[in-house]
Amino acid sequence: MIGNTEKLLLAALKQSLHPGEKNMQQLGKPAGTQDMRSLIALARKHAVLSLLFDVYEEDEELPAQLWQELQNAAATVARSNYRLLFLTKYITQVLYEEGICAILLKGASTASCYPVPELRKSGDVDILIPEEGHFRRAVELLKNQGFAECGEQSALHHTELKNAEGISVEIHRILAEPFESKKMNLYLEQLLPSFGEHVMANDSWGVRFYQPTDAYHAFYLVIHMLQHFLRAGFGLKYLCDWTVFWDREVDDKQKETFQRLIRESKTEGFVAVLTEACVKYLGLQREHVEFLLGESKGNEKSGQKNSAAHKEFPWCGSDLHKLAEDFMEEVFAAGEFGHDTQQRMVAMRGTGIAAYVREFHHQMHLNYPHAGKVFLLWPPLWALTLARFLYNNRAVRKVRGRDILKEAGRRSRLINRMKLF
């Protein structure tokens, strides 16, 4: 159940994402200082505190200390964004001068969809190198420019470097960490070159960088959200991204391309649910995204179209509304990247013993990507994976493995209702 603080935060975010509307009047304002403190704490957990700056800028009843907290959050994010922006410009310029296609993922490209782009929080720079043969060369070029490659790499799909200020730059060789679905991984691998063919310049910040075209931009947002959702979850920031992305004019051809991408990747159910959640809770205009929800514009044949939509989109209709509610509860339970709950683990496709075994095997491959290719090494690698799982739970996270598995099963039932992959 979504509580009062959550409702107040959603209303404030609707106001921030749609400055011309007075959404705060619909659900009321925090009743007192403590309620406002709770609202600020929740917004910080979801990395959206800076977005509230404009909402409360003219609120004379807001205590000075809390207003200062909002001001500090907004100023910090704005300064950080401009540092990241010019770092992005520098990196992409260095790589393009060497003939390497370098595409910005998220960051300033997604922030440019916001009413006030500077207030969308970013923590690092993500650059995609879509040509496989250029990846290692790109990393070496940046190292020659003073970037240091991190000794311990936490992901398989990118290499992390840091500049002299300690700002993280992730150079992506593929779009995401390998999923449990081999078909999905193969599809993303085959799709990678297309990202290099669908690039556009973005000059909206006053400097030029290159990003995916709208269809591929939206698809990457989906893949990024899905990866976090299947692991420990994600917070409201990514739903704000999705809302502002589609609450703007998008070319029909780009919409058609995006539909093809989610159809081929079998992610339509996930897209429909997160889109419905954004419509219901964050003010995304339904007429902009009807094509993602299996809905049709009203006319004399609308009944026939909706009937056909139910066959093509089995999650649409009343079940979609309930799915969106359950999905939003899951988002609030997670906080940013699932850090709020120690029991959170991956969500699986399936809920039986086979699903746990399949996911455990997948985690073994993620932990030991090279050794995992050798079939004879699987038994000892399984043992090592199990030992790491038990140690992390008891010694680091202080939770029981039984509780984590129970939570994984609950989240997996939600995933199954989306008919993913």
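Worth a mention:
- Meets criteria (modelled with pLDDT of 90 or more, touching a Leu at 6+ places or on another chain (Cβ under 6 Å), of a type outside the set (Phe, Trp, Tyr) and outside any helix (DSSP H, G or I)) for Val250: no
- Lys297 falls short on exactly one of the conditions (1) exposed (fewer than 15 other Cβ atoms within 10 Å of the Cβ); (2) at pLDDT 90 or above; (3) over 21 Å from the mean Cα position of the chain (by Cα); (4) not hydrophobic (A, V, I, L, M, F, W, C), and that condition is (2).
- All positions within the range 159-201 that are closer than 18 Å to Ile91 by Cα, among the hydroxyl-bearing types (Ser, Thr, Tyr) and either without any contact (Cβ under 8 Å) to a residue 24 or more places away in the chain or in contact with a helix residue (DSSP H, G or I) (Cβ under 7 Å, 6 or more places away or on another chain) (or both): Thr159
- Hits in the range 214-243 (condition: open to solvent by less than 10 Å² (accessible area, probe 1.4 Å) and among the hydroxyl-bearing types (Ser, Thr, Tyr)): Tyr216, Tyr220, Thr243
- Of the residues making up the range 191-199, none is modelled with pLDDT under 95, β-branched (Val, Ile, Thr) and open to solvent by less than 50 Å² (accessible area, probe 1.4 Å).
- Considering residues of the range 253-270 that are under 16 Å from Met418 (Cα atoms) and under 18 Å from the mean Cα position of the chain (by Cα) only, the residue surrounded by the fewest Cβ atoms within 10 Å (Cβ to Cβ): Lys266
- Check on Ile129, modelled with pLDDT under 95 and either under 18 Å from the mean Cα position of the chain (by Cα) or crowded, with 19+ Cβ neighbours inside 10 Å (or both): no
- Residues (open to solvent by 60 Å² or more (accessible area, probe 1.4 Å) and on the phi < 0 side of the Ramachandran plot) located in the range 200-213: Met200, Asp203, Ser204, Arg208, Tyr210
- Some residue of the range 271-279 being open to solvent by 30 Å² or more (accessible area, probe 1.4 Å) and in a helix (DSSP H, G or I): no
- Of all residues in the range 225-247, exactly one satisfies the criterion of being assigned to a loop (DSSP other than H, G, I, E, B) and among the charged types (D, E, K, R), namely Asp247.
The values are calculated or read from the model by the stated rules, or taken from the named source; none is laboratory data. What you see is a predicted model, and the numbers here were worked out from it, not measured in a lab. Cβ atoms come from the backbone with ideal geometry, glycine included; neighbour counts cover every protein chain shown. Accessible surface areas use protein heavy atoms only, side chains included; no ligands, DNA or RNA. Shrake-Rupley method; radii C 1.70, N 1.55, O 1.52, S 1.80 Å.
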